[in-house]
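So the structure is just underneath, and the comments pick up after that.
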Amino acid sequence: MQAVSEQDIRASFVNCSKGEAKRLPVPHDLAERPWGDLDFLGWRDPSAPDRGYLVTERDGVLIGVTLRHPAQQRGFLHRSMCSLCLTTHPGNGVSLMTGRRAGRAGREGNSVGLRICTDLACSLYVRGKKTPEPGGRFEESLTVEEQVERTRAKLSAFLDKLLA
């Protein structure tokens, strides 16, 4: 992913109003992000723990989506697997994040969900740049490049559902 500015991020959101996009918190460390290792920029809202945001480039256009997830705590012995990167995490490490669909469907209350790493660091897990809990990544026969491509395809399928 190419580095993006705060202005580009705010203009990219497709499932919220322009006013909401203007008010949402954008990470202050954009200059320090490992852009070359990211398939998407994901972050959580520090003032609203049930909110997250995801911005990615698709066909040369930035697309941003707002996400919500339950704040309920799961037991540490419970493990879940991320649908994007196939990393497993204990407890609340994976959440069902839902995004309001774009356009009329979203205004009518329709949403789409995906089980995803709660910290939104899927790109870094796939590339081995961030290490999950022991046992969080299975050894795969796919190369890292093939795993990255699979993650991008799963993200694209999720976005297709949100934009449909």
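Taking the condition of being touching a residue at least 24 places away in the same chain (Cβ under 8 Å) and farther than 16 Å from Ser111 by Cβ, how many residues in the range 51-60 meet it?
4
Taking the condition of being free of Cβ contacts under 8 Å to residues at least 40 places away in the same chain, surrounded by 14 or more Cβ atoms within 10 Å (Cβ to Cβ) and acidic (Asp, Glu), how many residues in the range 127-148 meet it?
Summing the residues that are free of Cβ contacts under 8 Å to residues at least 40 places away in the same chain, surrounded by 14 or more Cβ atoms within 10 Å (Cβ to Cβ) and acidic (Asp, Glu) in the range 127-148 gives 0.
Do the conditions hold for Arg104, that is, is it touching a residue at least 24 places away in the same chain (Cβ under 8 Å) and among the charged types (D, E, K, R)? Step through it out loud before you land on a result.
Numbers: touching a residue at least 24 places away in the same chain (Cβ under 8 Å): no; among the charged types (D, E, K, R): yes.
So Arg104 does not fit the description; no.
Test Asp119 against the criterion of being in contact with a Lys or Arg (Cβ under 9 Å, 6 or more places away or on another chain), in contact (Cβ under 8 Å) with a residue 12 or more places away in the chain and either surrounded by fewer than 18 Cβ atoms within 10 Å (Cβ to Cβ) or closer than 21 Å to Leu163 by Cα (or both), and give yes or no. Don't jump to the end; show me each part of the working.
Numbers: in contact with a Lys or Arg (Cβ under 9 Å, 6 or more places away or on another chain): yes; in contact (Cβ under 8 Å) with a residue 12 or more places away in the chain: yes; either surrounded by fewer than 18 Cβ atoms within 10 Å (Cβ to Cβ) or closer than 21 Å to Leu163 by Cα (or both): no.
Answer is no for this residue.
Pick out the one residue from Gly99, Gly103, Gly109 that is closer than 20 Å to Val61 by Cα and over 17 Å from the mean Cα position of the chain (by Cα).
Values: Gly99 fails: over 17 Å from the mean Cα position of the chain (by Cα); Gly109 fails: closer than 20 Å to Val61 by Cα.
Going through Gly99, Gly103, Gly109 in turn, the sole match is Gly103.
For the range 1-30, give me the residue count where each residue is free of Cβ contacts under 8 Å to residues at least 12 places away in the same chain and small (Gly, Ala, Ser). Before the answer, list the steps.
First, the residues of the range 1-30 that are free of Cβ contacts under 8 Å to residues at least 12 places away in the same chain: 7, 17-19, 23, 28-29.
Keeping just the survivors that are small (Gly, Ala, Ser) gives 17, 19.
Residues flagged as free of Cβ contacts under 8 Å to residues at least 12 places away in the same chain and small (Gly, Ala, Ser) within the range 1-30 amount to 2.
Filter the range 89-136 down to the residues that are among the polar types (S, T, N, Q) and either out of contact with any strand residue (DSSP E or B) (no Cβ under 6 Å at 6 or more places or on another chain) or within 12 Å of Phe158 (Cβ to Cβ) (or both) and list them by number.
Going through the range 89-136, the residues among the polar types (S, T, N, Q) turn out to be 92, 95, 98, 110-111, 118, 123, 131.
Listed by number, the residues that qualify are Asn92, Ser95, Thr98, Asn110, Ser111, Ser123, Thr131.
What's the number of the only condition in (1) surrounded by 14 or more Cβ atoms within 10 Å (Cβ to Cβ); (2) in a helix (DSSP H, G or I); (3) modelled with pLDDT of 90 or more that Ala31 fails to meet?
(1)
Out of the strands (runs of 3 or more DSSP E) lying entirely within the range 66-157, which hold 3 or more residues that are among the aliphatic types (A, V, I, L, M) and at pLDDT 90 or above? Break it down stepwise before answering.
Details: elements: 79-81, 88-90, 94-100, 111-117.
The qualifying strands (runs of 3 or more DSSP E) are 94-100, 111-117.
The values are calculated or read from the model by the stated rules, or taken from the named source; none is laboratory data. Just so you know, these numbers come straight off a predicted model, no measurement behind them. In this analysis, Cβ positions are derived from the backbone assuming ideal geometry, glycine residues included, and neighbour counts consider all displayed protein chains.
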